[in-house]
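Novice: First the structure, which I've put down as structure tokens, then a few questions once you've had a look.
Read-outs throughout are calculated quantities, based only on the coordinates presented, and are distinct from any laboratory measurement. Quick caveat: nothing in here was measured; it's all calculated off a predicted structure. Note that each Cβ is placed from the backbone with ideal geometry, even for glycine, and that neighbours are counted across all protein chains shown.
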Amino acid sequence: MKEQDRISWTVQQTLLFPRMLLSGMLLPLEDGPGWLRALADLDPLRHLVDAERALFAGTVADATVLWGALAALGVVAVELGVGIRGMRRAAAQPPVRPPSAGAPARPAPRRRGAGPTTRTAP
């Protein structure tokens, strides 16, 4: 469980948090430097946030909402493709079977530099 927590934290800090900053969700980007606004324009999440703000303001027929919808469809298509590929790769691997009830358990693999081991007869 600790390994999953570490991986989750790593993904959050390296991918999600910077994207939330670039989307304008946490800080306004209008007063930011030009390079930051240009980088934010490449992030589909920025277009989604802008579309949500326009919809909350009551503006439905707007180019901002259209760009947000296109960004959402693009993200769905990419993530669906990544998910399908991952599921196919997982399905192509042979299943790992636990030892049967009557079979002896396999010994744990030796670590490098662990030295000789002694085994006792059953």
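Novice: Give me a comma-separated list of calculated 3J(HN,Hα) values for region 79-87, in order, Karplus coefficients 6.51, -1.76, 1.60 applied at θ = phi - 60°, integers in Hz, x for any Gly or Pro.
Specialist: 5, 5, x, 5, x, 5, 4, x, 5
Novice: Pop a pseudo-label 7 angstrom from the Cα along the beta-carbon direction at both residue 31 and residue 92 and give the gap in nm to one decimal.
Specialist: Going by the 7 Å Cα→Cβ label model, 5.2 nm.
Novice: Run the simple label-point estimate for residue 63 and residue 42 please: 7 Å along Cα→C-beta, distance reported in nm.
Specialist: Simple spin-label model gives 2.2 nm for this pair.
Novice: Just to confirm my numbers, what's the Cα centroid distance between region 42-102 and region 1-38 in Å?
Specialist: 17 Å
Novice: While we're on this one: Starting from the Cα-Cα distance between residue 4 and residue 53, subtract it from 0.36 nm times their residue separation and give me the gain in nm to one decimal.
Specialist: In short, 14.2 nm is gained.
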